Amino acid sequence: MVLIDGKATANQIKNEIAEEVKAITSKGERAPHLAAVLVGNDGASLTYVGSKVRSCEKVGFDSSLIRLPEETTEQELLAKIEELNQDETLDGYIVQLPLPKHIDEEKVLLAIDPKKDVDGFHPSNFGRMALELETFIPATPFGIMQLIERYDIDTQGKHVVVIGRSHIVGRPISILMSQKGAYGNATVTVAHSRTKDLKALTQQADIIVSALGIPGFVTADMVKEGVVIIDVGITRVEDASKEKGYYITGDVDFDSVAQKASYITPVPGGVGPMTIAMLLKNTLLARKWNA
Ligand code: NAD
């Protein structure tokens, strides 16, 4: 069994990005610049945005954190977005989700200039991805594809079962893995909450991508020998014995499933660290494409 080390792979990608940034700045050009917009005080969002900004600094990017109060109106946020769209010193930005309930997320995502949409959530970028055109691929599926590529996992003609159909993970990864290419050409089944007899599907799967967010959902009896497991789930489980009062776990019952798997991602330390690395990669691409 090979443990897929997302942390090490993400660090390798960040080092590669840092080298490219040095090459850009040594020519006297400005470094890539990523901004993050955070509305309100959601604890988890603050943690995510904080680590995104710190990662920018590590690779030599410029970064800006734009914090707006919880009571910011939709109009005010849209005005801020227009300002960011016009800012020529900014290559890409993200609007951290979820937004407060009084703001229409779809309206906000549609207002982001697709050229600066490094999250790859704008319909025009998502459409370009589906059509295999050059674009920003959403960071989590992009990170999964990088892990598959860097561990040289064979996907040709393999049966992939994706559990979950969200717009940020399940749907895009199912599109990417079914596309033509060295790490595509898989036959993909997308399972979701209405799927009947999921176990019959997962038992046939060569590769399982689990993105539903239920700890211990994928058990050893659901998988075949030699399966490749990509566990995207991240759930905080309260635990008073831990310093933080909780621990992080994935969707897969790791200890039992690992015994049957040929490759498996741990949680934490698997897909999670890749997500930020790929956001940085998209920002570097934005810097190049918009230059
Ligand atoms: P989501 O929460 O929007 O949706 C969950 C999906 O699971 C739905 O499509 C639903 O149909 C499916 N589902 C629910 N119950 C099911 C069942 N019993 N059988 C089959 N399918 C079922 O999904 P999301 O936003 O993609 O998040 C999924 C998990 O991935 C969460 O734990 C989230 O925290 C994690 N996540 C991790 C990263 C990362 O960087 N590693 C990024 C995004 C999301």
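State whether one or more residues within the range 192-201 are open to solvent by less than 20 Å² (accessible area, probe 1.4 Å) and either polar (S, T, N, Q) or free of Cβ contacts under 8 Å to residues at least 60 places away in the same chain (or both).
No, there is no match, as no residue in the range 192-201 is open to solvent by less than 20 Å² (accessible area, probe 1.4 Å) and either polar (S, T, N, Q) or free of Cβ contacts under 8 Å to residues at least 60 places away in the same chain (or both).
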Scan the range 217-251 for residues that are loosely packed, with under 15 Cβ neighbours inside 10 Å, touching a residue at least 12 places away in the same chain (Cβ under 8 Å) and under 25 Å from the mean Cα position of the chain (by Cα) and report the count. 3
Lone qualifier among Ser262, Ser166 - being within 30 Å of Ile94 (Cα to Cα) and among the polar types (S, T, N, Q): Ser166
Looking at (1) more than 15 Å from the ligand (Cβ to nearest atom); (2) surrounded by fewer than 22 Cβ atoms within 10 Å (Cβ to Cβ); (3) among the small types (Gly, Ala, Ser), can you tell me which one Gly269 breaks? (1)
Assess whether Ala205 counts as being open to solvent by less than 10 Å² (accessible area, probe 1.4 Å), touching a Leu at 6+ places or on another chain (Cβ under 7 Å) and among the aliphatic types (A, V, I, L, M). no
Counting only residues that are hydroxyl-bearing (Ser, Thr, Tyr) and out of contact with any helix residue (DSSP H, G or I) (no Cβ under 8 Å at 6 or more places or on another chain), which one in the range 167-184 is nearest to the ligand (Cβ to nearest atom)? Ser174
Meets criteria (out of contact with any Phe, Trp or Tyr (no Cβ under 8 Å at 6 or more places or on another chain) and surrounded by fewer than 14 Cβ atoms within 10 Å (Cβ to Cβ)) for Lys107: yes
Residue selected from the range 185-211 under the condition assigned to a loop (DSSP other than H, G, I, E, B) and touching a helix residue (DSSP H, G or I) at 6+ places or on another chain (Cβ under 6 Å), by the criterion nearest to the ligand (Cβ to nearest atom): Ala211
Return the only residue of Lys281, Lys260, Lys288 being in contact (Cβ under 8 Å) with a residue 24 or more places away in the chain, open to solvent by 40 Å² or more (accessible area, probe 1.4 Å) and part of a helix (DSSP H, G or I). Lys281
Filter the range 133-166 down to residues that are surrounded by fewer than 21 Cβ atoms within 10 Å (Cβ to Cβ), within 9 Å of the ligand (Cβ to nearest atom) and not hydroxyl-bearing (Ser, Thr, Tyr), then give me how many there are. 1
Name the residue, out of Ile214, Ile230, that is within 15 Å of the ligand (Cβ to nearest atom), part of a strand (DSSP E or B) and touching a strand residue (DSSP E or B) at 6+ places or on another chain (Cβ under 9 Å). Ile230
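The values are calculated or read from the model by the stated rules, or taken from the named source; none is laboratory data. Quantities reported herein were computed from a predicted structural model and do not represent experimental measurements. Note that we place each Cβ from the backbone using ideal geometry, even for glycine, and neighbour counts take in every protein chain shown. What goes into the accessible areas is simple: the full protein's heavy atoms, side chains included, and nothing from ligands, DNA or RNA. Shrake-Rupley method; radii C 1.70, N 1.55, O 1.52, S 1.80 Å.
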